[in-house]
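No lab work stands behind these numbers, since they all come straight from the coordinates. Predicted model, so just to flag it, every value in this text is computed and none were measured. Cβ atoms come from the backbone with ideal geometry, glycine included; neighbour counts cover every protein chain shown.
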């Protein structure tokens, strides 16, 4: 059986998580999954909006979500 290849995205995530653990030192991670999902989701939303030239309907289609869900995610990720 062939071993599945690791995509460049997977490799990047693994490398960044290795860096994260190195930066933590002896401290224990807390809520790591939520942190990663939240950060990545915001980036993916931004990229989809950039690719759709700000058109939220097109960006939502690219993401496979409704426009109203996209608007909620934009508000969530762009709070200051």
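Annotations
- The order of the peptides 59-65, 23-29, 73-79 by mean Cβ neighbours within 10 Å, most packed first, is 59-65, 73-79, 23-29.
- Calculated on the alpha-carbon coordinates, the convex hull of the chain measures out at 155 cubic angstrom per residue.
- Inter-probe distance in nm under a simple model that places probes 7 Å from Cα toward Cβ, at residue 34 and residue 71: 2.7 nm
- Taking Cα atoms only, the orientation of helix 8-24 departs from the longest principal axis of the chain by about 60 degrees.
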